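This report concerns only the one structure given below.
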Amino acid sequence: MKKTINDLAFLGGSPAFNEPLHVGRPNLGDREQLFKRINDMLDRKWLSNNGPYVREFEQRIADMMGVRNCIAMCNGTVALEIAIRSLELKGEVIVPSFTFVATAHALQWQEITPVFCDVHPQSHTIDPACIEKMITPRTTGIIGVHLWGRPCDIEPLEQIAASHNLKLLFDAAHAFSCSHKGRMIGSFGNAEVFSFHPTKFFNTGEGGAIVTNDDVLASKIRLMKNFGFSGYDNVVYIGTNGKMGEFSGLMGVTNLESLDEFVAVNHQNYKFYEEGLRGLEGLKLIKYDHAEKCNYQYVVLEVDEAVLPVTRDKLIEILRAENVLARRYFYPGCHRMEPYRSYFPHAGLVLPETERLAGRVLSLPTGTAVGQEEITTICQIIRLAVLNSHEASGALSKHAAG
């Protein structure tokens, strides 16, 4: 990394960082413990099919969340698909468009229509006030997405689901190790789904899980994730291969032992960004409720182009020139991706907040791959970009006036 930022790439110099800084660089736990468990797995020659590390991982997650059942899966998308099928959803399901496309695909893959609902401008999560008008006789469920580690407005969603006899599922891919009103995410709705993809602050290499307090539902999910087998050579239900392998299980157990460290690093990084970006009008850093447990895994900025002379996309371009690989989330919104933009070409008319957020949100690097020095430089780059844009805007204004 350069010692000075007075001659950055976007000002005609060389990049601030020699190596790219990514959003979602994997956090890794104790390597010695990891390799010890790998050797143990190899000695056992038990690589899949509900091995001891997967069972230990499931129990640790269930205990941590205070739920009766955790079923580990090969990834979060398959977990979502199996959860949807286990709840016997069909027809139409109401979801936010401001989410990763896997949420919608998990429905469409099973020929269920995702009905896109707008989000609240402050929480960025599905807006209960917009849901009622989306409900039709074909509606069978609601999927809420906990975003950035901040929970949905859970109680109104529960009330709406109950009053209309709808199933309530939560996509909790962002909310591992977070709480709502002192209760851990994972214990709400009919079930909640987690992703342990490498881009998440806690990962199992690749993996996911469904957690639920419904024992009957959990039994069905366990059958479905293993081809419907109940015992040896006895298939009693239609299923697929959604199992988590032992390597992912042991990596999960290992990384759980470093979970507090990962969260502490994220929290510290968030505070560095908070300080470094303080006072920049037109840039809004999302806030977290510090009274709740939070993973702080996303550092998200809203860029108000009505205030700033630099656009969100231009700011991303400037950061990328410096090897800071900031990301647009969740651009352009599921409703503007295929096949949904062909199916629902006018969906954007009822999604004004989604459209607005998709055009102004960006995410910055955090996690164990960055620290105070890198974050200070990133914040200075953003300040310089804003300052240069102000100067350029002022010069253009003077030229126009002259």
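The values are calculated or read from the model by the stated rules, or taken from the named source; none is laboratory data. Worth saying up front: this structure is predicted, and the values here are computed from it rather than measured. Every residue, glycine as well, gets a Cβ built from its backbone with ideal geometry; the counts of neighbours run over all protein chains shown.
One table, with the values for the structure above:
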| read-out | value |
| --- | --- |
| Residue within the stretch 253-272 that is assigned by TED's automatic domain parsing to the domain that holds ILE378, closer than 24 Å to THR311 by Cβ and of a type in the set (D, E, K, R) present | no |
| Any hit, the stretch 168-180, residues being buried (at least 24 other Cβ atoms within 10 Å of the Cβ) and either more than 18 Å from the chain's Cα centre (by Cα) or modelled with pLDDT under 95 (or both) | no |
| Residue within the stretch 136-149 that is in a loop (DSSP other than H, G, I, E, B), among the hydroxyl-bearing types (Ser, Thr, Tyr) and closer than 19 Å to ALA358 by Cα present | no |
| Residue selected from the stretch 31-61 under the condition among the β-branched types (Val, Ile, Thr) and in contact with a strand residue (DSSP E or B) (Cβ under 7 Å, 6 or more places away or on another chain), by the criterion surrounded by the most Cβ atoms within 10 Å (Cβ to Cβ) | VAL54 |
| Positions within the stretch 238-251 being in a loop (DSSP other than H, G, I, E, B) and surrounded by 15 or more Cβ atoms within 10 Å (Cβ to Cβ), in sequence order | GLY239, THR240, GLY242, MET244, GLY245 |
| Listing of helices (runs of 4 or more DSSP H) fully contained in the stretch 290-402 that carry 3 or more residues being modelled with pLDDT of 95 or more and hydrophobic (A, V, I, L, M, F, W, C) | 312-321, 372-401 |
| Number of the condition not met by ALA358 [criteria: (1) under 18 Å from PHE272 (Cβ atoms); (2) crowded, with 20+ Cβ neighbours inside 10 Å] | (1) |
| Matching residues, the stretch 4-62, being free of Cβ contacts under 8 Å to residues at least 60 places away in the same chain, of a type outside the set (Asp, Glu) and over 30 Å from MET184 (Cα atoms) | THR4, ASN6, GLY12, GLY13, SER14, PHE35, LYS36, ASN39, LEU42, ARG44, LYS45 |
| Qualifying residue in the stretch 327-340 (condition: in contact with a helix residue (DSSP H, G or I) (Cβ under 6 Å, 6 or more places away or on another chain) and over 28 Å from TRP109 (Cα atoms)) | no |
